[in-house]
Structures are given as C-alpha cells and as structure tokens.
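Undergrad: I'd like to ask you about the structure that follows.
Every number here is computed from the coordinates shown, using simple stated rules; none is lab data. Bear in mind that the values here come from a model prediction, so they are computed numbers and not experimental data. Here the Cβ is made from the backbone with ideal geometry for all residues, glycine too, and neighbour counts use every protein chain on show.
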Amino acid sequence: MSSDVSTIGVLGGTGAQGRGLAVRWAASGLDVVIGSRDAGRATAAAAEIAELAGSQNVRGADNMTCASESDVVLVAVPWDAHASTLESVRDAVAGKIVIDCVNPLGFDRQGPFALDLPMSAAEAAQELLPESRVVAAFHHVSAELLVDPSLTTIDTDVLVLGEDRDDVAVVQALAERIPGVRGLFGGRLRNAGQVEALTANLIAINRRYKTHAGIRITMPET
C-alpha cells in the first residue's frame, strides 16, 4: 500500500495524541507541520517532536499555515475545540483529505463515557468541511506508546472509515508507516460513532489494568 503524501499537518500537535503520531510520522521520513492557535507553542512542540523522532523534518506554525502547507491534515484537538478549529481552516483544507481522530467523551465518577450527540465527530467534520474529504482514523492508538523511544513497533490496528476507497487507502498507508500497525477499512463515515465511542472502553481498561490497550482485528484463514 503506498501514499503520495509527503507533508502531513497535525492540528493539535501540541497535545498528546497529535504529538505521538507526529513523532512516528517524522521518524518514518514524512515532513510534519505542527499546528496550533499559538505559533510559538507549535514551534516549541515541533522542536521536542524532532528530537524524539531523530528528524529535522518537523516545523511549527499557526493552524492556517499548517493546513495550507500540508498535503493531508490530521485533526487531533479536544472535542470542545473541534468545530471552531475546523471552521478556521475550512478554506485551507478544501480539496484535501482531513483525518479526524477526535473522540467526543465525557468523564465522571463512574469513568469515561461517550457523549450523546446527534452525529459522530467525523460526520460533524464533514458537514463543517464540505469541500474536504474527511476520513476517520487513529482513535485507539496510545499516545504514551507512540512517544516511547524503546518501542520499535506498536502492536495495534487502526480502523479507517471513509466514503472514498482511494482516500481510505491513503490513510491506511499513513497508519502503516508506523511499524507494527495495520490500517484496516472499518466502513463508511456513518459508522464512525461507535469507533469513537469505543475509546471510552479502552480508557476504562487502561485505568483498571494500568496498561495502554489498543485493538487487534482477527481474520482467520479460510
């Protein structure tokens, strides 16, 4: 599986998930642009990511510049910043693949839970970005494992959901730039809600067993 992507932008690259994926992509040879509302914070994060990745192919920028200068853009911002961030870069991501890995979750004394929303984060992103092609992916990859330099491989699958098989293939290829990871087609965008919600179960597992759970899909040979 191959990809023509050479530069990937990470909106929310100063947060744990975006930072972890940026480390692995930079280490794989991709150019990475870290986006933030604060360009200074993005630049500082980019320097840390470059050191962890052992790569100089990382730079920081404000969100609009990040979106404009990237072939594909990952959205890894908190849920409460999701809509405003996407609206701010709408023109810059027109015609591009936008990967949404946002999980709309709540937390209370009983633990994590999926928010009761009319649609998934990925479907909301597609409504907000009508000229982009939204693909949902990377919801279940542990940020802690991604930034651990002792791990040469990550034992997990990434479910990739989208409307266009070619776009899905591009994102599968990006997943598989991380050694040990498989990118698997998980259905159309309408199925993103249950994938996002599953993150609450994984967080509960992590808390109970003090681990960094991921998922593996079994496909027995016939």
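Undergrad: Considering all projection directions equally, how large on average is the shadow of the alpha-carbon convex hull of the stretch 79-200, in square nanometres?
TA: 8.2
Undergrad: 222 nm [θ] for the chain, helices only, -39500 (n - 2.57) per DSSP H run of 4+, per residue, to 500?
TA: It lands at -11000 deg cm²/dmol.
Undergrad: Here is a further query. Please compute the length gained on full extension between Ala44 and Ala213, using 0.36 nm multiplied by the number of residues separating them and subtracting their Cα-Cα distance.
TA: 57.9 nm
Undergrad: What list do you get for Thr65, Thr152, Thr211 if you sort them by fewest beta carbons within 10 Å?
TA: Values: Thr65 18, Thr152 8, Thr211 12.
The order, fewest Cβ neighbours first, is Thr152, Thr211, Thr65.
Undergrad: Still on this structure: Work out, step by step, the length gained on full extension between Asp148 and Asn206: first 0.36 nm times the residue separation, then minus their alpha carbon distance; give nm to one decimal.
TA: Result: 19.2 nm gained on full extension.
Undergrad: Right, here's the next one. Name the long-range amide H neighbours of Ile99: under 5 Å, sequence gap of 5 or more, or other chain; modelled H, no Pro or chain starts.
TA: Correct list: Val73, Leu74, Val75, Val135.
Undergrad: Let me ask something additional. Place +1 on the Cβ of every Lys and Arg and -1 on the Cβ of every Asp and Glu in the chain, take the dipole about the Cα centre, and give the residue among Leu184, Gly106, Met64 whose Cα lies farthest towards its positive end.
TA: Result: Gly106.
Undergrad: Give me a comma-separated list of calculated 3J(HN,Hα) values for the stretch 118-125, in order, Karplus coefficients 6.51, -1.76, 1.60 applied at θ = phi - 60°, integers in Hz, x for any Gly or Pro.
TA: Each residue's phi maps through the Karplus curve to give x, 7, 6, 4, 5, 5, 5, 4 Hz.
Undergrad: The stretch 94-170: which trypsin sites (Lys or Arg not before Pro) are DSSP loop and have at most 12 other beta-carbon atoms within 10 angstrom?
TA: Arg109
Undergrad: Does the stretch 1-147 come out rounded, prolate or oblate by the C-alpha gyration tensor, with a ≥ b ≥ c the root eigenvalues, rounded set by a/c under 1.5 and, if not, prolate when a/b is larger than b/c and oblate if not?
TA: Because a/c hits 1.5 or more and a/b fails to exceed b/c, the stretch 1-147 counts as oblate.
Undergrad: Going through the stretch 165-222, which GluC sites (Glu not before Pro) have at most 16 other Cβ atoms within 10 Å and a DSSP loop state? Could you put the intermediate results ahead of the total?
TA: On the way: sites: Glu176, Glu196, Glu221; in loops: Glu176, Glu221.
In loop regions of the stretch 165-222 (DSSP not H, G, I, E or B), the sparsely surrounded GluC sites (Glu not before Pro) are Glu221.
Undergrad: If you average the alpha carbon positions of the stretch 114-129 and of the stretch 36-106, how far apart do those two centres end up, in angstrom?
TA: 19
Undergrad: If you don't mind, another one. How much of the DSSP beta bridge set in the chain is antiparallel, as a percent to the nearest 5?
TA: Once the DSSP bridges in the chain are tallied, antiparallel ones form about 15 percent.
Undergrad: Assigning unit charges at the beta carbon (Lys, Arg +1; Asp, Glu -1) and nothing else, what dipole magnitude in debye, to the nearest 20, does the chain show about its Cα centre? Don't skip to the answer; put the middle values down first.
TA: Numbers: 18 positive and 28 negative charges, 124 e Å.
Approximately 600 debye in magnitude.
Undergrad: What is the stretch 103-174 by shape, rounded, prolate or oblate, if you read a ≥ b ≥ c off the alpha carbon gyration tensor as root eigenvalues and call it rounded for a/c under 1.5, prolate for a/b larger than b/c, and oblate otherwise?
TA: Here the stretch 103-174 falls in the oblate category.
Undergrad: Please give the contour-minus-distance gain from Asp4 to Asp166: 0.36 nm per residue of separation, less the Cα-Cα distance, rounded to one decimal in nm.
TA: 57.2 nm
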